[in-house]
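What follows is one structure encoded as structure tokens, with my remarks underneath.
The values are calculated or read from the model by the stated rules, or taken from the named source; none is laboratory data. Everything numeric here is computed off the predicted structure, so don't read it as measured data. Cβ atoms come from the backbone with ideal geometry, glycine included; neighbour counts cover every protein chain shown.
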Amino acid sequence: MKRTLVISIFAVLAVRRASAQTFDLAWNTIDGGGDMWTTAGSFELSGTIGQPDAAVTMTDGSFELTAAFWALPTAPPILIGDLNCDGEVGFGDINPFVLFLSNFAGWQTAYPGCPPENGDINEDGSYPSFGDINPFVALLSGGQ
């Protein structure tokens, strides 16, 4: 009798229709993470954990939030003769080249992140070096 009562209660509970609210999970996101940096002046906020809504821009009034994936920093590519790191070799590299030869620390300050290998025009592994002057002139004149 006791066994039949327990089975009957479970049967009634199983058959009884649940009246729970329906949920729509057609779109969802996993965001959050630590405080990597925040600023107040021009509003900059950062955080991450894994953002599947990358490249989605959300706006409200004058505020805009764009989600994206974090990319690892990469070193700029080596471009022999490009001493101002604008992506091309030309007359705009002459003054940076002179600064590179005469004041290497000043060049590094003026062009942070620019690879010093760009100034190794003769590719002998020594830079800055006066041995790079003639090859630099030849490079600019189309001789290299």
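Quick notes on this structure:
- G106 part of a loop (DSSP other than H, G, I, E, B) and under 14 Å from N84 (Cα atoms): no
- Selection within the range 111-143 - charged (D, E, K, R) and without any contact (Cβ under 8 Å) to a residue 24 or more places away in the chain: D124
- Sub-6 Å Cβ pairs linking a first residue in the range 84-109 that is in the same structural domain as G131 (by TED's automatic domain parsing) to a second residue that is surrounded by fewer than 19 Cβ atoms within 10 Å (Cβ to Cβ) and not in a helix (DSSP H, G or I), at least 6 apart or interchain, are F100/P128; L101/P128; F104/P128, ordered by first then second residue.
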